[in-house]
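Each remark here refers to the structure printed beneath this line.
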Amino acid sequence: MKYRNMLPFVALSVLILTSCDDNKMEWYKDPTHGAVTSSELPLQLAEKISRYKPLKEYLSDPNFKLGIGVGMDEYLGDETTTTIVNENFNDLTIGYAMKHGPMVDSKGNLKFDKVDQLFTKTTEAGISIYGHCLIWHTNQNASYLNSLIAPEVIPGPAGTNLLQNGSFDEDIVPWASWGGGKATVEHSATEGLGNTKGCIKAVTSASSAKPWDLEIQSEAIPVIEGHRYQISFFIKSEGVGAVRLAFEGMNTTYPNIDGKETIPTSNSWQQIVYNKELIGTDIMPAENSDKLQFRIDLGAVANMTYYIDDIVVVDLEGEPTVVNLISNGDFESGTIDPWNSWGNGSSRDISEEGEGVNGSKYAMKLTNPAAGDQIHVAQACYTLAAPLVEGTQYKVSAWVKSTVSNGKIQMQVQDNADFSGPKDVTNTWNLIEWTITAKAGGHTKLLFDFGLVAADYYIDDIVLEEIETTRAVIRASGPTIIEKTDEEKAEIIRDAMEDWISKMVTHCKPYVHAWDVVNEPMDDAKTSDIKTGKGKTDLASDEFYWQDYFLTPKDYAVEAFKLARLYGNPDDKLFINDYNLEYNLNKCDGLIKYVEYIESKGATVDGIGTQMHIAIDSNKDNIAQMFQKLGATGKLIKVSELDIKVNTSSPTTENLAQQAEMYQYVIDMYKKYIPADKQYGITIWGVSDNEKEHVNWIPDDAPNLWDANYARKHAYKGVADGLAGKDVSEDFTGDLE
């Protein structure tokens, strides 16, 4: 290759020496020197660059990490990329495939097949892996994480509630109470469940010890001999309490629950359902009994406060509440047939098991790959067995959620089209409803339109019912939505963080000895604060702000570093990483102070990463000042994602020279201001300017060291010279190699 590149110089010499033009001959002679030798001929820049060794050969410190950031598939499957990486670098960062989003499935399980292939290949090449990254606000499986903290949705029981007052919105009449352990039993207007107003508040005294020491009794309810009944209620307590039901006029009086007298209660709302499944026998009237009366016994624990709401008694032999005109609206069969979808490249499928509403097995999953200009450009359709009857009122209802917080969905009927209008869909389950009057011309299809916002949409428990047939039957209660408390969310997300970090770090620890533990924590505007997703209505489908669910948000990083230390190797190097530190020096200061905060809480941060996605016109003084600030921290410092834009897709020779000079300047300033023992390394972000590497990152530019055809650029020389600490090409001569 180098011999071929020298041919123009050889040919030129031959032409000169054989020319019959004496004047031209004399230009190449010096009377004091004689004929010019090939070693004195000037080398072209391209020839100089071609003579450079692989980049890692210019490292004076074998422990210095000269890294490259590439995609998993490029490194595993593209021979050109693999060759360049293995020849030039001793460290590798995978840009996406080792993050929470691609690693974690809908049930929280991790998929290690690709990662294990990576480890095999890098081990053979003698290349280390930098783990990128453990905790970030994007590239997360946000759908899974949001599902963990989503409100619990409990559908109301079918049938009519036989109680006069089980919701307690206004008072607790006609309920009675007594017992030697009764302190107070009263109406609370502020502690009700979900969206309801009131509830029963009951407090036991210091002497309360037996369940019957505080009893709250229902009215006498007419029942039908031979029918089965079910009683359900919601309860919480200010501590660990105990509750049971006692019956009069029924086939059981004090039913045991799994051999125990009472059910424990806690400070979280829980629904308790007394039926055959819980107590082992059907609740039925005793012989010759036409009344059911029951007591809620709360006296087993002294000095305990209870809240009780949504008490429902239903006759399980009563008429069904709903005649659903949709034959497969709950998808529990594991199929979505006969539903179809089309438009905008959209697709339909059954969800993974366990992704249905309220923990049911399945839902229908609709995927809209791109935002459309109208909502009906993507549709899911169900063809009815018979047309809706003209003039008859119908109600459509469905539970929906999406992978984004700002989704939109619309219900419609065809062929004579009628529309519900767009309805908001968030990343938690919500019930949407629509009432229509069937038109002339026939409605034979029910459709869901979902083309406005790119997202995955989950739809479950779809009901199309005729209002006339259900008007006389009152549903026992609407769906109950139980929001988790801030304390519950904090515990759940902290546990999810441990589950993710423990599995990821433990599996990778034989191969990974450095981690980007917390990525991009700092707020760009409020540079002394960490980021937050609160108040944002347009979160992307992979955005999840872990910090928003810690009671002290700044402690999310404390916990992440402690967990990475706990489950990793004792000598792992743990980094915090952020961008624009050279652009915004206040942000750099904020990150340094945050590291101090993390360590004040008992965690250890080994190093700070500065990404450095910069351009040929970036402020050099700021770059130098950033390195000065970072160098003074005493931490390991890593340039973690270095690339330099030329600000055009068609760079000139001058642009490329400026890029090379800027690459060298960054390395020079890093080596100047970061103490030698704190220079962890520099990672170049991306291999080449090839279009396939820039679909999602810096398109229409040329930021890398190799061009679109994988030839070395001027920037390659800038990096090599920076690493070597000199212009390597000064030692080159025109002699053939």
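Checking each residue in segment 592-637 for being farther than 18 Å from M669 by Cβ and either in contact (Cβ under 8 Å) with a residue 24 or more places away in the chain or of a type in the set (V, I, T) (or both) picks out K593, Y594, V595, Y597, I598, K601, G602, A603, T604, V605, D606, G634.
Within segment 720-731, if we keep just the residues that are closer than 15 Å to K672 by Cα and of a type in the set (A, V, I, L, M), the residue that is surrounded by the fewest Cβ atoms within 10 Å (Cβ to Cβ) turns out to be A724. Taken over segment 335-350, the criterion of being within 15 Å of I462 (Cα to Cα) and either over 22 Å from the mean Cα position of the chain (by Cα) or surrounded by 20 or more Cβ atoms within 10 Å (Cβ to Cβ) (or both) is satisfied by T335, I336, D337, P338, W339, N340. Is it true that some residue in segment 321-330 is free of Cβ contacts under 8 Å to residues at least 12 places away in the same chain and either among the hydrophobic types (A, V, I, L, M, F, W, C) or at positive phi (or both)? Looking through segment 321-330, none of the residues is free of Cβ contacts under 8 Å to residues at least 12 places away in the same chain and either among the hydrophobic types (A, V, I, L, M, F, W, C) or at positive phi (or both). Are any residues in segment 62-87 surrounded by 14 or more Cβ atoms within 10 Å (Cβ to Cβ) and outside any helix (DSSP H, G or I), and if so, which ones? Selection gives F64, K65, L66, G67, I68, G69, V70, G71, D78. Only residues that are crowded, with 23+ Cβ neighbours inside 10 Å and more than 17 Å from H613 (Cβ to Cβ) were counted in segment 638-667, giving 1. Based on what the data block shows, is G356 of a type outside the set (S, T, Y), within 22 Å of S106 (Cα to Cα) and surrounded by 17 or more Cβ atoms within 10 Å (Cβ to Cβ)? Yes.
Residues in segment 652-684 that are more than 20 Å from N619 (Cα to Cα) and not hydroxyl-bearing (S, T, Y): 6 in all.
Contact map, segment 651-663: first residue of a type in the set (F, W, Y), second residue in a helix (DSSP H, G or I), Cβ cut-off under 6 Å, separation 6 or more or different chains; pairs are Y663/A715; Y663/G718; Y663/V719.
Only one of the listed residues (D668, D589, D621, D606) is charged (D, E, K, R) and in contact with a strand residue (DSSP E or B) (Cβ under 9 Å, 6 or more places away or on another chain). That residue is D606.
When the residues of segment 668-684 are filtered to those that are of a type in the set (D, E, K, R) and in contact with a helix residue (DSSP H, G or I) (Cβ under 8 Å, 6 or more places away or on another chain), which remaining residue is surrounded by the fewest Cβ atoms within 10 Å (Cβ to Cβ)?
K672
If you check Y545, Y549, Y579 for being touching a Pro at 6+ places or on another chain (Cβ under 9 Å), of a type outside the set (D, E, K, R) and crowded, with 19+ Cβ neighbours inside 10 Å, only one passes: Y545. Scanning segment 93-126 for residues that are among the small types (G, A, S) and surrounded by fewer than 13 Cβ atoms within 10 Å (Cβ to Cβ) yields a total of 1. Residues that are touching a Leu at 6+ places or on another chain (Cβ under 8 Å) and either in the same structural domain as D589 (by TED's automatic domain parsing) or in a helix (DSSP H, G or I) (or both) within segment 619-655 comprise N622, Q625, M626, K629, L630, listed in sequence order. A search for C-beta distances below 6 Å between a residue of segment 163-180 that is more than 12 Å from A202 (Cβ to Cβ) and any residue that is charged (D, E, K, R) and part of a loop (DSSP other than H, G, I, E, B), counting only pairs 6+ apart in sequence or on different chains, returns D169/K197; P174/E219.
Of the residues making up segment 254-302, just one is outside any loop (DSSP other than H, G, I, E, B), of a type in the set (F, W, Y) and in contact (Cβ under 8 Å) with a residue 60 or more places away in the chain, namely F294.
The values are calculated or read from the model by the stated rules, or taken from the named source; none is laboratory data. The structure displayed is predicted, hence computed values, not measured ones. All Cβ positions, glycine included, derive from the backbone under ideal geometry; neighbour counts span all protein chains shown.
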